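Everything on this sheet refers to the single structure shown next.
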Amino acid sequence: MDDVCRRVRTFCDGFGVTVPVLQAPMAGACPPSLAAAVAGAGGMGACGAVLHGPEQIGEWMKAFRTGSPSGAVQLNVWVPDSPGSGSQERERLAADAAAFLGEFGTAGESGGWSGPPPYREQCEAMLTSQPTVVSSIMGLFEPEYVRRLHAAGIAWFACATTLEEALAAEEAGADAVVAQGMEAGGHRGSFDPEDAERTDIGLFALVPWFADHLRVPVVAAGGIGDGRGVAAALALGASAVQVGTALLRSPEAAIEAEWADALDGLGPEATLTTHAYTGRLSRAVTTPFLRAWQRPEAPRPAPFPDQAGLVGRWRAGGAPEVDPLNYFAGQSAALALPEPAGEIVTRMWQDASALLGRR
Ligand SMILES: Cc1cc2nc3c(=O)[nH]c(=O)nc-3n(C[C@H](O)[C@H](O)[C@H](O)COP(=O)(O)O)c2cc1C
């Protein structure tokens, strides 16, 4: 276990944490209070900022610093897809998806969504917010931005779902690679959206594979819900873990009661991966709405962000069978408990330490 201890200590010393448990960036479910609670327990807080404009990123960081003046924190964005299908093809897919949604009710007048705020402005705002870490998912940062992050003393963590993506991240200067297993709740970080279903690698295979081939530390993410998962990930070669779903029922996460309740006792077989919420593959609680998109006659959902815009319009229309929100959840949702986030993190690390034979 000396190896594990050394690896964990090097990571903790390098990235300003005392506990190798990081909050996963979770767009739509990461208020500053959650991040401050995780940082307060010695871990690293996070903000999934894909939905935030530049001003909101600054405000989020200010609120985080009020709750945690010196805690470690990560800001995260989605790297935009390179232009995919032509506009005619996109229009056809959107029309088919809209026709299918029409079976659920009527679209509202408003509620559409045209996609995240401008990516470059988000990147600038993250840089000027001076977090411990800026992280990427679904692609890599450009070399000049990486250079500027490093010049500002900010580390870059890159999410990867295959070794090819992980090696590209290391080559591009990532300071750590987040190994995202297919158990993970929320969106899958595949660089090419077309790869997302084909490369559904579980964390037990992904972590040692990355650890054996990378020089930079590996952070394990996906299905880690308690100290057993933390100990397993570290024993497999990770230097730290990143947990999302396990924190969703904490009061600080403040998600809708309906979503939090859906996680209660939710078995691994009760989640599925779907394009139906946003057009990008994500793991969520199985609902009748998501099942409908799996019917043989259902069309392929429109690409991101068009599908999210359509679903938003039908939500605004109040169609009762359209899920009112995205019930994202990982396969270990049943391990998520309605307890303060700081206590969850502390217990995870205490239990993992006991399993690993650390004093
Ligand atoms: C509600 C929710 C939102 C998420 N949003 C993001 C995001 O914006 N950026 C990101 O890199 N990962 C996002 N993820 C994925 C997490 O970063 C992480 O990979 C995942 O939560 C780990 O699996 P777990 O949920 O089983 O712990 C999200 C996950 C959830 C559950």
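Scanning region 334-351 for residues that are in contact with a Gly (Cβ under 7 Å, 6 or more places away or on another chain) and among the aliphatic types (A, V, I, L, M) turns up 334, 335, 336, 345, 348. For region 4-32, the set of residues classified as among the small types (Gly, Ala, Ser) and within 16 Å of the ligand (Cβ to nearest atom) consists of 24, 27, 28, 29, listed by residue number.
Of the helices (runs of 4 or more DSSP H) lying entirely inside region 128-246, the ones with 1 or more residues being closer than 22 Å to residue 336 by Cβ and either under 16 Å from the mean Cα position of the chain (by Cα) or modelled with pLDDT of 95 or more (or both) are found at 203-213, 227-235.
Of the candidates 180, 242, the single residue that is in contact with a Lys or Arg (Cβ under 9 Å, 6 or more places away or on another chain) and either crowded, with 24+ Cβ neighbours inside 10 Å or of a type in the set (Ser, Thr, Tyr) (or both) is 180. Somewhere in region 37-49, is a residue farther than 23 Å from residue 186 by Cβ and away from the ligand (no atom under 16 Å from the Cβ)? So far as region 37-49 goes, yes, one or more of its residues are farther than 23 Å from residue 186 by Cβ and away from the ligand (no atom under 16 Å from the Cβ). Scanning region 206-228 for residues that are small (Gly, Ala, Ser) and either away from the ligand (no atom under 13 Å from the Cβ) or out of contact with any Leu (no Cβ under 8 Å at 6 or more places or on another chain) (or both) yields 211, 227. Checking the stated criteria, residue 208 turns out to be touching a Gly at 6+ places or on another chain (Cβ under 6 Å) and either of a type in the set (Gly, Ala, Ser) or surrounded by fewer than 24 Cβ atoms within 10 Å (Cβ to Cβ) (or both). Residues in region 283-303 that are part of a loop (DSSP other than H, G, I, E, B) and closer than 23 Å to residue 262 by Cβ: 286, 287, 293, 294, 295, 298, 301. Quick one: what pairs do we get from region 79-98, first residue in contact (Cβ under 8 Å) with a residue 12 or more places away in the chain, second among the β-branched types (Val, Ile, Thr) and assigned to a helix (DSSP H, G or I), C-beta under 9 Å, 6+ apart or different chains? Every condition considered, the pairs that remain are 97/311. If the condition is being within 16 Å of the ligand (Cβ to nearest atom), touching a helix residue (DSSP H, G or I) at 6+ places or on another chain (Cβ under 6 Å), under 16 Å from residue 275 (Cβ atoms) and not hydroxyl-bearing (Ser, Thr, Tyr), then region 308-336 contributes only 323. Cβ-Cβ distances below 7 Å connect no pair with a first residue in region 256-278 that is among the aromatic types (Phe, Trp, Tyr) and in a strand (DSSP E or B), a second residue that is surrounded by 12 or more Cβ atoms within 10 Å (Cβ to Cβ) and at pLDDT 95 or above, and a separation of six or more residues or different chains.
When residue 185 is tested against (1) at negative phi; (2) more than 14 Å from the ligand (Cβ to nearest atom), only condition (2) is not met.
Of the residues making up region 244-270, those that are among the hydroxyl-bearing types (Ser, Thr, Tyr) and within 11 Å of the ligand (Cβ to nearest atom) number 1. With respect to the conditions (1) surrounded by 21 or more Cβ atoms within 10 Å (Cβ to Cβ); (2) within 12 Å of the ligand (Cβ to nearest atom); (3) of a type outside the set (D, E, K, R), residue 285 falls short on a single one, namely (1).
The values are calculated or read from the model by the stated rules, or taken from the named source; none is laboratory data. Here the structure is a predicted model, which is why all the values come from computation and not from measurement. With ideal geometry, Cβ positions are generated from the backbone for all residues, glycine too; neighbour counts draw on all protein chains shown.
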